[in-house]
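Below: one structure, written as structure tokens.
The values are calculated or read from the model by the stated rules, or taken from the named source; none is laboratory data. Quantities reported herein were computed from a predicted structural model and do not represent experimental measurements. Cβ placement follows ideal geometry from the backbone for every residue including glycine, while neighbour counts extend to all protein chains displayed.
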Amino acid sequence: MLFALALLYALSANAEELTGKVIRVADGDTLTIRTAQPLDYRIRINGIDAPEKGQAYGDRAKQNLVRLALGRQAQLDCYKVDQYRRKVCRVFVAGKDVGLEHVRVGMAWWYRRFAGEQTEAERREYERAEVDARAGHLGLWHDQHPVPPWEWRAVRRRGKGGYGTKGNAGGR
């Protein structure tokens, strides 16, 4: 309990709100915004993990994020910087949580590894969105056994080749 409170305090102490235009989408969970200053920030959308480039549904996930955010004004609640120096943020466009929308249409997994960085209400929303997308066979859930990106990355890091776009329908 004490650890959880310390984590929430640390996250809130680093909290930063940004507003800007989405000027680039790198992949299914990373984008760049330009603020009024003008400063550009690389953003990792919190709460999700989308298929990687070269992975089944990687291109579709990127296309969906383009549809949701590119060229639009976004409001961001940022709370940390990741190992790649990206700000990790909840991203809102037209009042909608972009990460949650991405999960709802089956273009990303709810990233349970970082669920502790979400509020209880957010965790319930993201979990429900993933369960519903899976039940509806939406997006990546159209495949019988979609490979989560964290597993796909682990196989590639070990140099075993393994997962790719072959054998997983629809992701190319």
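Computed values, structure above
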item: Filter pass, residue 57 being surrounded by 14 or more Cβ atoms within 10 Å (Cβ to Cβ), modelled with pLDDT of 95 or more and at positive phi; result: yes
item: Hits in the range 74-103 - residues which are under 29 Å from residue 136 (Cα atoms), free of Cβ contacts under 8 Å to residues at least 40 places away in the same chain and more than 12 Å from the chain's Cα centre (by Cα); result: 92, 94, 95, 96
item: Filtered residues of the range 87-118 (kept if of a type in the set (Asp, Glu) and farther than 24 Å from residue 56 by Cβ); result: 97, 117
item: Tally of residues being within 17 Å of the chain's Cα centre (by Cα) and over 21 Å from residue 126 (Cβ atoms) across the range 24-47; result: 6
item: Failed condition for residue 63, given (1) buried (at least 19 other Cβ atoms within 10 Å of the Cβ); (2) under 17 Å from residue 139 (Cβ atoms); result: (1)
item: Pairs, first of a type in the set (Asp, Glu) in the range 14-31, second modelled with pLDDT under 95 and surrounded by fewer than 18 Cβ atoms within 10 Å (Cβ to Cβ), C-beta under 8 Å, six or more apart; result: 27/53
item: The range 50-73 residues that are aromatic (Phe, Trp, Tyr), paired with ones that are assigned to a helix (DSSP H, G or I) and at pLDDT 95 or above (beta carbon under 9 Å, 6 or more apart); result: 57/139; 57/140; 57/142
